[in-house]
Amino acid sequence: MKKLIPLLLVLLSACSQPAATLFVGTYSDGFFAFVFNLKKGCVIPSDGEYGSVAKAPMPNPSFLAIRGSKVYAVSEMPDSSAAVYAWRYGGNGFELLGSQPTGLPENGEDPCYVATDGRLLAVANYSGGTLAVYKLREDGVIAPLDSLVYSSTGGPDLSRQESPHVHCALFTPDNKLLFTEFSADAIGSLDVTPLGVENYRQAVQLPADFGPRHLLLGDNTLYCIGELSGDVAVLEYPTMGLKQVVKADQVDARGAADIHLSPDGRFLYASLRLQNDGIAIFGVSADGTLSLVDYQNTGSHPRNFTVLDRWVLVACRDTDQVEIYQRDPSSGLLTDTGRRIGLPKPVFVSIQE
């Protein structure tokens with residue numbers, strides 16, 4: 001019995017800490033759930049692969065949408081095997097609810113983003129150049145493809161914008177579905193109705209060579225990061241008037257990736273890749289406009305990241321690690337803790353408290 005007491009004390013200590021579920025998507029053979037200690041900013045190791053609690057096996061789960069116990073994950077494949085999967089997470093394991101192809105079967109290649117409002121599911125197909133929309137059943141199962149919206153071209157970069165690409169989808173509180181039309185330097189819009197989606201239009205034309213990638217909605221403000229330009233566009237919402245374009249990528253590497261607001265909305269963070277990899281930090285003014293505060297270098301290819309009150313977790317694909325930074329809520333600045341979660345080609349991170 002004496003040999004069991006130390007282990008029991010360790011388990012009780014871990015359970016007493018404020019914890020959340022950390023989901024990590026990869027360019028590998030599955031995505032993972034970890035237990036993350038919110039007070040100490042570290043993973044509480046379990047006995048699964050790489051210290052995870054559970055693994056959902058599927059090819060290239062590069063982006064997830066989590067809603068309650070349901071997890072929707074795209075399988076970013078370059079052919080007709082590309083699909084979106086539905087899983088149920090129960091705290092110690094995943095149950096597969098089913099999957100659907102992301103095209104017809106063409107025009108669904110390389111799905112790279114998935115979003116849901118609980119009733120509909122939207123998938124951005126990068127190489128397919130389309131936005132796929134599905135209805136969700138009450139049990140979370142994905143119904144067959146409901147709508148496939150085709151994007152267009154028009155941008156000046158003949159090597160990157162030669163064919164249509166869609167990179168992000170965003171459901172808004174006023175029943176719109178917005179999506180980035182990378183090769184047209186535009187943001188597309190659909191009306192969300194009880195029947196599905198309708199009335200496609202280009203809601204705003206962004207500056208040429210912008211390459212819109214990810215969208216983020218703040219208070220009456222829409223933010224869009226340009227992968228090619230390395231800029232962040234600040235737009236009034238819902239009028240979509242352009243208020244500001246601010247530079248995030250100071251070395252013009254043409255690899256801007258992701259954007260997130262701090263929980264209090266005072267700071268915006270943007271990840272940059274290909275050269276001088278890191279996170280640009282902006283202060284957010286009362287009218288939503290941005291001012292550069294600092295730049296935090298990270299490991300190689302910081303594709304996706306998540307921002308908590310005290311921590312920022314960065315998925316660094318090419319160093320096979322999720323890096324953990326401490327965040328100062330007052331200044332917005334980041335400090336590298338040196339703590340890492342090692343696993344193959346992480347490209348997505350999200351915390352669910």
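No lab work stands behind these numbers, since they all come straight from the coordinates. Model, not experiment: these values are computed from the prediction. Neighbour counts run over all protein chains shown; Cβ positions are idealised from the backbone, glycine included.
Here are a few things to note about the model shown:
- Test: residue in segment 266-285 that is polar (S, T, N, Q) and within 18 Å of residue 313 (Cβ to Cβ): yes
- Selection count, segment 220-245, where residues are more than 21 Å from the chain's Cα centre (by Cα), hydrophobic (A, V, I, L, M, F, W, C) and either buried (at least 21 other Cβ atoms within 10 Å of the Cβ) or in a strand (DSSP E or B) (or both): 2
- A Cβ distance below 6 Å, combined with a sequence gap of six or more or placement on separate chains, defines the contacts here; from segment 256-283, residues that are free of Cβ contacts under 8 Å to residues at least 40 places away in the same chain and at positive phi reach residues that are aliphatic (A, V, I, L, M) and surrounded by fewer than 19 Cβ atoms within 10 Å (Cβ to Cβ) in the pairs 274/253; 276/251.
- Failed condition for residue 156, given (1) more than 28 Å from residue 95 (Cβ to Cβ); (2) in contact with a Leu (Cβ under 9 Å, 6 or more places away or on another chain); (3) without any contact (Cβ under 8 Å) to a residue 60 or more places away in the chain: (2)
- A count restricted to segment 193-219 and to residues that are in a strand (DSSP E or B) and on the phi < 0 side of the Ramachandran plot stands at 15.
- No other residue among 258, 294, 277, 287 is surrounded by fewer than 16 Cβ atoms within 10 Å (Cβ to Cβ), within 19 Å of residue 325 (Cβ to Cβ) and not small (Gly, Ala, Ser) apart from 294.
- Looking across segment 324-353 at every residue that is within 21 Å of residue 227 (Cβ to Cβ) and not small (Gly, Ala, Ser), the one that is surrounded by the most Cβ atoms within 10 Å (Cβ to Cβ) is identified as 346.
- Going through (1) under 22 Å from the mean Cα position of the chain (by Cα); (2) free of Cβ contacts under 8 Å to residues at least 40 places away in the same chain; (3) surrounded by fewer than 22 Cβ atoms within 10 Å (Cβ to Cβ) one by one, residue 27 falls short only on (2).
- All positions within segment 36-51 that are in contact with a Pro (Cβ under 9 Å, 6 or more places away or on another chain) and under 22 Å from residue 96 (Cβ atoms): 50
- Filter result for the condition that a residue is assigned to a loop (DSSP other than H, G, I, E, B), in contact with a Cys (Cβ under 6 Å, 6 or more places away or on another chain) and farther than 20 Å from residue 39 by Cβ, over 265, 332, 299: 299
- Search result, residues across segment 95-111 that are crowded, with 22+ Cβ neighbours inside 10 Å and in a strand (DSSP E or B): 111
- 2 or more residues farther than 23 Å from residue 222 by Cα and of a type in the set (Gly, Ala, Ser): qualifying strands (runs of 3 or more DSSP E) within segment 115-185: 142-150
- Considering only residues in segment 144-190 that are charged (D, E, K, R) and either over 22 Å from the mean Cα position of the chain (by Cα) or on the phi > 0 side of the Ramachandran plot (or both), the one that is surrounded by the most Cβ atoms within 10 Å (Cβ to Cβ) turns out to be 185.
- Subset tally (residues that are outside any strand (DSSP E or B) and surrounded by fewer than 18 Cβ atoms within 10 Å (Cβ to Cβ)) for segment 77-94: 8
- Residue count, segment 297-306 (criterion: within 24 Å of residue 329 (Cβ to Cβ) and surrounded by fewer than 23 Cβ atoms within 10 Å (Cβ to Cβ)): 3
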